[in-house]
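Taking it in order: structure first as structure tokens, then the write-up.
The values are calculated or read from the model by the stated rules, or taken from the named source; none is laboratory data. This structure is a prediction, so every number in the text was calculated from the model and none was measured. Here the Cβ positions follow ideal geometry from the backbone for every residue, glycine too, while neighbour counts run over all protein chains shown. Accessible surface is based on the protein model in full, side chains and every heavy atom, while ligands, DNA and RNA are left aside. Shrake-Rupley method; radii C 1.70, N 1.55, O 1.52, S 1.80 Å.
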Amino acid sequence: VARARDEADCRAWLAQLREQRRVVALMVGGEERCVAVEDVALYRDALGAVPPLGIPDAFLLPSERPLEELLSRWARCHGPFTAERFAREHGVAPLALSSALAMLERDGRLVRGTFVGQTQEWCDVDVLRRIKRRTLAKLRGEVEPVERATFARFLPAWHGLVNPGKGLRRLEEAIVQLEGMPLSY
């Protein structure tokens, strides 16, 4: 979220959150990242991030399946992704990640496929539904009916009434236009 904001706005916002002790800095994937204080134990247990001193014990309780939870949360905010991308951004061992992905797939929270690229990708089930719904809505918008006045302007030209032709060639053009059209006998 912070990367999507303006750089100056982001620094001020994060400084304010740090002062309020709502976020802390953790090393994740080789870089410092701000993490919500209530998620410190999740990052500790899933990625081995070392929490800073002074975190209340209530925020340090171990989580049951930390890597699966972190991966599931991340997938809900991203489109289709490769396992390599998540592993690189979070500094996770590929073997540990593959078992977490398999567990989430078994639970029905992630689906596997080739959605964007040529390689195997993963996507949150709800994110994929949203993508499909928006894609269909866009495609439906491309084929929705036009206004009556627009259709009325189109028909005379389509049927050759504006520039009527004569002869065999015009007859062939008219037949081509009607090909495949169901006609009653």
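For segment 83-185, relative contact order (Cα pairs under 8 Å, six or more residues apart, normalised by length) works out to 11 percent.
Near residue 155: Cβ cut-off under 15 Å, other residues only, Lys/Arg at +1 and Asp/Glu at -1. The net charge is +1.
Near residue 179, within a Cβ-to-Cβ distance under 13 Å, what is the net charge of the other residues, with Lys and Arg +1 and Asp and Glu -1?
On the way: positive: none; negative: 172, 173.
Net charge around residue 179: -2.
Ignoring everything except DSSP H segments at least 4 long, calculate the 222 nm mean residue ellipticity for the chain; use -39,500 (n - 2.57) per segment, divide by total residues, nearest 500. List each step's numbers first, then the result.
Values: 8 runs with 94 residues, N = 185.
That comes out to -15500 deg cm²/dmol.
Give, to the nearest whole percent, the P(r) tail of segment 1-156 beyond 25 angstrom, counting all Cα pairs. Please report the intermediate quantities before stating the final value.
On the way: 5712 of 12090 pairs.
Across segment 1-156, Cα pairs with separations above 25 Å total 47 percent.
Using the Cβ-Cβ distance between residue 21 and residue 74 with R0 set to 25 Å, the FRET efficiency from 1/(1 + (r/R0)^6) comes to roughly 0.55.
Just order 25-36, 165-176 by mean Cβ neighbour count inside 10 Å, highest at the front, would you?
Values: 25-36: 14.4, 165-176: 9.8.
Top of the packing list down: 25-36, 165-176.
Only Lys, Arg, Asp and Glu carry charge here, each on its Cβ (+1 for the first two, -1 for the last two); on that basis the chain has a dipole of about 740 debye about its Cα centre.
Heavy-atom surface analysis with a 1.4 Å probe gives segment 1-153 a carbon and sulfur content of 54 percent of its accessible area. Springs between Cα atoms under 10 Å define the GNM used for the chain, and in it the highest mean-square fluctuation of 40, 143, 127 occurs at 143. For segment 67-176, the residue among 80, 152, 103 whose Cα projects farthest onto the positive side of the dipole built from Cβ charges is 152.
For the pair residue 112 and residue 63, the difference between a 0.36 nm per residue extended length and the Cα-Cα distance amounts to 15.1 nm.
Each residue, residue 134 and residue 157, gets one label point 7 Å from its Cα in the Cβ direction; the gap between the two is 3.5 nm.
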